[in-house]
1. Looking only at the stretch 5-28, count how many residues are at pLDDT below 85, open to solvent by 70 Å² or more (accessible area, probe 1.4 Å) and either touching a strand residue (DSSP E or B) at 6+ places or on another chain (Cβ under 9 Å) or assigned to a helix (DSSP H, G or I) (or both).
2. Exactly one condition in (1) at pLDDT below 85; (2) surrounded by 17 or more Cβ atoms within 10 Å (Cβ to Cβ) is false for N31; which is it?
3. Could you list, ordered by first residue, the pairs with Cβ atoms under 7 Å in which the first is in the stretch 54-75 and over 19 Å from A41 (Cβ atoms) and the second is of a type in the set (A, V, I, L, M) and part of a helix (DSSP H, G or I), at least 6 apart or interchain?
4. Please determine, by comparing only the residues of the stretch 34-67 that are in a loop (DSSP other than H, G, I, E, B) and open to solvent by 70 Å² or more (accessible area, probe 1.4 Å), which one is farthest from L12 (Cα to Cα).
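The values are calculated or read from the model by the stated rules, or taken from the named source; none is laboratory data. From a predicted model like this one, the values you see are computed outputs, not experimental measurements. Cβ: placed from backbone, ideal geometry, glycine included. Neighbour counts: every protein chain shown. We work out accessible area using only protein heavy atoms, side chains counted, and drop any ligands, DNA or RNA first. Shrake-Rupley method; radii C 1.70, N 1.55, O 1.52, S 1.80 Å.
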Amino acid sequence: MMKTDKHEGHSLTKGELLAFIEKTIQELEQNSDPKNESLYALLLSMASWLEAANLPDTPSTEAFAKILHASPYYK
């Protein structure tokens, strides 16, 4: 999994967050475990919503909550 410790105490930018989600999706694709299908679908939705959303470059925790909330409904 992609390391995030270099950002400890700092916010990820929108691009860094998207890259992290996309890297996690790639890892799930490489390790196709049927138990991870729901996580895979959720992460794909999160990435799609994040790409389309009009968010500041450094999304807040409130913005991240919106990503989590909207993702299950976003295709």
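1. 2
2. With respect to (1) at pLDDT below 85; (2) surrounded by 17 or more Cβ atoms within 10 Å (Cβ to Cβ), N31 is out only on (2).
3. Filtered contacts from the stretch 54-75: L55/A63; P59/L17.
4. Looking at residues that are in a loop (DSSP other than H, G, I, E, B) and open to solvent by 70 Å² or more (accessible area, probe 1.4 Å), I get N54.
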